[in-house]
Amino acid sequence: MSTGRPTNRLAQAASPYLLSHAHNPVDWYPWGPEALERAKREDKPVFVSIGYAACHWCHVMERESFEDPAIAALMNARFVCIKVDREERPDLDQIYQLVIQLMGRSGGWPLTVFLTPEQRPFFAGTYFPPAPRHGLPGFPRVLEAVADAYLKQRGEIESQAQELTQAITRVTQDDARSSGADALGPDLLAIVSRKLLARFDDRHGGFGARPKFPNTMSLELLLRRGAIEGDRAALASVELALDHMRAGGIWDQLRGGFHRYSTDERWLVPHFEKMLYDNALLLRLYAEAHRVFGHARYARTAREIVGYLFAEMRDPGGGF
């Protein structure tokens, strides 16, 4: 049904996430040669925004900035703007998440990336508010600063883009060499387990610092390694992680079910968003852990996840 509002190029997209931006006043392009050729023709930097349908802050930034006529006019005047669905183009998301990490910042969504017309990234961030807030610069100021730098400091922009492009190449080549060194073989599980345990947080459980995700598949691999090979370190790590996650705020202590991730390294303060696929994977992990350890608390957690999913994640037709 027509809303009567004007649409942009995303009205022709197949992705529901891109379609949800079809009525923005931003002159959005999907990723493709049309946008990139225009950027070269007009010598404009490319603004790329990557998100996905279930991302809370993606919708916040859309409401605050992409639906604002003044901000949209600034974007349209000074950039060629591209919207990307990370679930449709995980390859692009992977590259540009690497860019923000190479710049020393935490990745996430919405991912905000600025490219030269030759597709070389030179600046990246995540969510920006419409006005300065909580230590973050206002999005219009970011747009003005990037556009001015592209016009007046082209040499520095090109140098930054070159360094980032070379760094991406080095990382991907190193990954390719590592993949070859760890080819499929009987000791692969042991090799991967050692690498995972080297990154494990022995105090709070899990991997890395904040934000901290459950990393269910990595824990399941360690559980399998411990159960099959008798690796006590792997089993102890899984037990520590499962106990801390269940006791922390990432577990909804009132309603059941796990939030998507913790904003701190202690599993204390959750990102208040609960996803079906996260809980499905955690259900399997806690059920498998009960089989391995025999702990009643893991069976109870699995049953409580099921209770939450049946109560909150079912559609009227019975599906999830």
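Around the amide H of V26, modelled in the peptide plane, lies no amide H under 5 Å away from a residue 5 or more places distant or on another chain. Considering only Cα atoms, the convex hull volume of the stretch 90-210 works out to 140 Å³ per residue. Extending 7 Å from Cα along the Cβ direction at R300 and again at Q253 yields two label points whose distance is 1.5 nm. Largest GNM mean-square fluctuation among R266, R203, R246, using the chain with Cα springs under 10 Å: R203.
Based on protein heavy atoms only, the chain ends up with 51 Å² per residue of surface accessible to a 1.4 Å probe.
Only beta bridges with both residues in the chain are counted; by DSSP, about 60 percent of them are antiparallel. For the pair the stretch 195-227 and the stretch 51-91, the centres of their Cα atoms are 33 angstrom apart.
With 0.36 nm allotted per residue and the present C-alpha distance subtracted, the M217-A145 stretch has 21.8 nm of extension available. Per residue, the convex hull spanned by the Cα atoms of the stretch 1-57 measures out at 106 cubic angstrom. Ordered from highest to lowest accessible area with the whole protein assembly present and a 1.4 Å probe, I191, I305 read as I191, I305.
For the stretch 99-163, a/c is not less than 1.5, where a ≥ b ≥ c are the root eigenvalues of the C-alpha gyration tensor, and a/b does not top b/c. That puts it in the oblate class.
Cysteines of the chain lacking any other cysteine Cβ under 4.7 Å from their own Cβ: C81. If R₀ is 41 angstrom, what is the calculated FRET efficiency for the pair A73 and R170, using the beta carbon separation as r and rounding to 0.05? Between A73 and R170 the formula returns 0.55. When the residues H21, H295 are ordered by accessible surface, computed with a 1.4 Å probe over the protein chains alone, the sequence from largest down reads H295, H21. With q set to 0.10, 0.13, 0.20, 0.21 Å⁻¹, the log10 of I(q)/I(0) for the stretch 1-133, from the Debye formula over equal scatterers at the Cα positions, is -0.29, -0.50, -1.28, -1.42.
Which residue, chosen from L281, Q162, Q94, occupies the Cα position most advanced towards the positive end of the dipole of the chain, where the dipole is computed from +1 (Lys, Arg) and -1 (Asp, Glu) charges on Cβ about the Cα centre? Value: L281. Multiplying the residue separation of R89 and R314 by 0.36 nm and removing their Cα-Cα distance gives an extension gain of 78.2 nm. For K40, the lysines whose Cα falls under 28 Å of its own Cα, not counting residues fewer than eight places away in the same chain, are K83, K152. Working note: 222 nm ellipticity from helices only, DSSP H runs with n ≥ 4, each -39,500 (n - 2.57), summed and divided by the residues of the chain, gives -16000 deg cm²/dmol to the nearest 500.
As a test, work out the antiparallel percent of DSSP beta bridges whose residues both lie in the stretch 1-127, rounded to the nearest 5.
On the way: 9 of 18 bridges.
Here the share of antiparallel DSSP bridges comes out near 50 percent.
Applying 1/(1 + (r/R0)^6) with R0 = 30 Å to the Cβ-Cβ distance of R194 and A287, what FRET efficiency is obtained, to the nearest 0.05? It comes to 0.70.
What's the FRET efficiency of V60 with R38 using the Cβ-Cβ distance as r and R₀ = 30 Å, to the nearest 0.05? So the FRET efficiency works out to roughly 0.60.
Placing unit charges on each Cβ (+1 for Lys and Arg, -1 for Asp and Glu) gives the chain a dipole about its Cα centre, and among P137, V46, G256 the Cα reaching farthest toward its positive end belongs to G256.
Farthest towards the positive end of the charge dipole of the chain, among the residues G318, L19, T116, is the Cα of G318, using unit charges on the Cβ of Lys, Arg, Asp and Glu. Taken over the chain, the alpha-carbon convex hull comes to 168 cubic angstrom per residue. The modelled label-to-label distance for the pair E229/R133, using points 7 Å beyond Cα in the direction of Cβ, is 4.8 nm.
Within the shell of other residues whose beta carbon sits under 9 angstrom from the beta carbon of Y308, the net charge comes to -1, with Lys and Arg scored +1 and Asp and Glu -1. Taking Cα centre as origin and charging only the Cβ of basic (Lys, Arg, +1) and acidic (Asp, Glu, -1) residues, the dipole magnitude of the stretch 79-168 rounds to 300 debye.
Using a 1.4 Å probe on the protein heavy atoms, what percent of the accessible area of the stretch 79-176 belongs to carbon and sulfur?
Values: 2380 of 4650 Å².
It is 51 percent, rounded to a whole number.
The values are calculated or read from the model by the stated rules, or taken from the named source; none is laboratory data. Just so we're clear, the structure is a prediction, and the values are computed from it rather than from any experiment. Cβ coordinates were reconstructed from backbone atoms using ideal geometry, including for glycine residues, and neighbour counts include every protein chain displayed. Please note that ligands, DNA and RNA were not included when accessible areas were found on the heavy atoms of the full protein model with its side chains. Shrake-Rupley method; radii C 1.70, N 1.55, O 1.52, S 1.80 Å.
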